Number of protein chains: 2
Amino acid sequence: MDVIKIALVGIGKIARDQHLPALSADPRFELVATASRHGSIEGVTAFQDISELLKAVEVDAVSLCTPPQVRHELAAAALEAGKHVMLEKPPGATLSEVEHLRGLAADKGLTLHATWHSRFAPAVEPARAWLAERKVRSAKITWKEDVRVWHPGQEWIFEAGGLGVFDPGINALSIVTRILPQPFFLTSAELHVPENRQAPIAAELAFKDAAGNPVTAEFDFLQTGPQSWDIDVETDRGALKLTHGGAKMFVDGALTHEGPDREYPGLYAHFAELIANGESDVDVSPLRHVADAFLLGRHTAAPAFDY
Amino acid sequence: MDVIKIALVGIGKIARDQHLPALSADPRFELVATASRHGSIEGVTAFQDISELLKAVEVDAVSLCTPPQVRHELAAAALEAGKHVMLEKPPGATLSEVEHLRGLAADKGLTLHATWHSRFAPAVEPARAWLAERKVRSAKITWKEDVRVWHPGQEWIFEAGGLGVFDPGINALSIVTRILPQPFFLTSAELHVPENRQAPIAAELAFKDAAGNPVTAEFDFLQTGPQSWDIDVETDRGALKLTHGGAKMFVDGALTHEGPDREYPGLYAHFAELIANGESDVDVSPLRHVADAFLLGRHTAAPAFDY
């Protein structure tokens, strides 16, 4: 297959830290241009606007690293111009706009890849395979981190639509929706919203899976000291533990899998395969669970939060 | 085709006021049993529990009129037992559970009908046909009613998951998603939540359609005096107005369509056709827009509300 000429849109921290190294190391892709209001990359043709880019440069695909609030318009423009599209997580600010992009890509025979980078953590596929052969009894997500360390000064995260603690929490949901053999459904949620903010700083979620087993999640943005990105699953034959956001897998306390971080290289490898096979991968289930939590959740006032 | 033996589950106000008369008048259906914690219907075999009903009586289909909070479990039980299922609106308490039911029905080759009764209001299909031949410039939903008149004492409507003013508002969204030729996406929302309640008593929504045109909605539960269930659509060739929840259609101010209320008979006629054709109709777009509004919306404190 020919090299895929790709443009990167939205040149911020995630583009520089993750997308660029992954693209540079993958011979299937050639980065030919960027579009970004403020950022650019040395040696790569830069535009401020995606429509200018699409007019001036021939590309096969566009990868969008902008905030979700503006992603729909950019993605729709790229698809309308006949380009394959890859979306950072979450794939949109609303479920309806992602549904529209899915339809647009299908109508035009293009690849749309709504990425969930945590699904490419090294222990996720081993966990999925292990659980596929067992009966799940319960699952528990514990996702507790210090927002001041991981999102310093990011005011947008606490604005309406910023998702708050669901910004990291959706990573956990993207893993659990991948590894659990049965779908699960929210039955109740408590969202702790600081009195000076719009988005929750902590949340407790209770789900039931299709067989009636409990799945719970605790999300906390105020965790100092040890940080937790853990998933515990009890089964009929042993207990599985994923730690470090899916990087390590333990069975009954013994380490069975670990590996280096290959999340973004994995995303681009998958994107290249999808394009080669003329397929799309648009699983909205993590974002749908978040929307369900906002739809069904009780709001509880939490103390004011400032960075 | 043989008569469809149907069971009605959840015998409350909506079952008596709407489902029973519609079923009685439709020769394609025979009501053979009910399941309800408290209610029953004279002359019809009554059960308290759906699993008892499914064991004791042979039915082809189940129509669920219970509150959405318990609907998923009942619907899943009916589908697992091989029955076609019809769901009152909204089809579930969460989007994820509706998705599960959709998959279950597809796997089993059964009909699932997620109903939106307002779509069967007499002027809705004429409006859809009229708009299909025009370019929409803008659309405005005005849905303002007095909650004390229409939902007297219904405390659940203001609880978490009760949807508040979106309980009637989702009817408007079910019409607009049906009649507008282009999909539309939420860009911002303001939810006014009484300080002693969990669900909004008023809301303003701003959407953009796929062509970039504005779609707005104003929902208000505190409207005394004249009530409004109106949709206004400006097009390149004339202005359309739907009033009375879709019962009347006006073009440039002149009445073009009106008719008697046939919403629930229409739902059952559609259900019978779906069963005959081996099809399902599960359009979650109205509920998805509501979830989007909770996901993206700003909460504003409103004065305490009591009936």
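The values are calculated or read from the model by the stated rules, or taken from the named source; none is laboratory data. Keep in mind it's a predicted model, so treat the numbers as computed, not measured. FYI the Cβ positions are ideal-geometry reconstructions off the backbone, even for glycines, and counts take in every protein chain you see.
Summary table below
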read-out: Enumeration of residues in the stretch A:197-241 that are in contact with a strand residue (DSSP E or B) (Cβ under 6 Å, 6 or more places away or on another chain), within 30 Å of A:Glu159 (Cβ to Cβ), in a strand (DSSP E or B) and not acidic (Asp, Glu); value: A:Ala202, A:Ala203, A:Leu205, A:Ala206, A:Phe207, A:Val215, A:Thr216, A:Ala217, A:Phe219, A:Ser228, A:Trp229, A:Ile231
read-out: Residue identified as farther than 30 Å from B:Val70 by Cβ, away from chain A (no Cβ under 14 Å) and buried (at least 21 other Cβ atoms within 10 Å of the Cβ) among B:Ala127, B:Ala132, B:Ala121; value: B:Ala127
read-out: Search result, residues across the stretch A:60-88 that are surrounded by 20 or more Cβ atoms within 10 Å (Cβ to Cβ), farther than 18 Å from B:Gly212 by Cβ and not acidic (Asp, Glu); value: A:Ala61, A:Val62, A:Ser63, A:Leu64, A:Cys65, A:Thr66, A:Pro68, A:Lys83, A:His84, A:Val85, A:Met86, A:Leu87
read-out: Complete set of residues in the stretch B:155-165 that are touching a strand residue (DSSP E or B) at 6+ places or on another chain (Cβ under 8 Å), more than 9 Å from chain A (Cβ to nearest Cβ) and hydrophobic (A, V, I, L, M, F, W, C); value: B:Phe158, B:Val165
read-out: Filtered residues of the stretch B:2-27 (kept if assigned to a loop (DSSP other than H, G, I, E, B) and more than 21 Å from B:Pro90 (Cβ to Cβ)); value: B:Asp2, B:Val3, B:Ala25, B:Asp26, B:Pro27
read-out: Boolean, B:Gly43 is small (Gly, Ala, Ser), in contact with a helix residue (DSSP H, G or I) (Cβ under 9 Å, 6 or more places away or on another chain) and more than 17 Å from B:Met86 (Cβ to Cβ); value: no
read-out: Selection count where residues are over 19 Å from B:Glu145 (Cα atoms), more than 11 Å from chain A (Cβ to nearest Cβ) and touching a helix residue (DSSP H, G or I) at 6+ places or on another chain (Cβ under 8 Å), scope the stretch B:194-212; value: 0
read-out: Among residues of the stretch A:242-277, those that are assigned to a helix (DSSP H, G or I), aliphatic (A, V, I, L, M) and either more than 19 Å from the chain's Cα centre (by Cα) or in the same structural domain as A:Ala217 (by TED's automatic domain parsing) (or both), counted; value: 2
read-out: Some residue of the stretch B:165-176 being touching a residue at least 40 places away in the same chain (Cβ under 8 Å) and surrounded by fewer than 19 Cβ atoms within 10 Å (Cβ to Cβ); value: no
read-out: First in the stretch A:73-98 and away from chain B (no Cβ under 14 Å), second anywhere and crowded, with 24+ Cβ neighbours inside 10 Å and among the basic types (Lys, Arg), Cβ under 8 Å, 6 or more apart; value: A:Leu87/A:Arg71; A:Glu88/A:Arg71
read-out: Residue count for the stretch A:285-307, restricted to those that are more than 13 Å from chain B (Cβ to nearest Cβ) and not aliphatic (A, V, I, L, M); value: 4
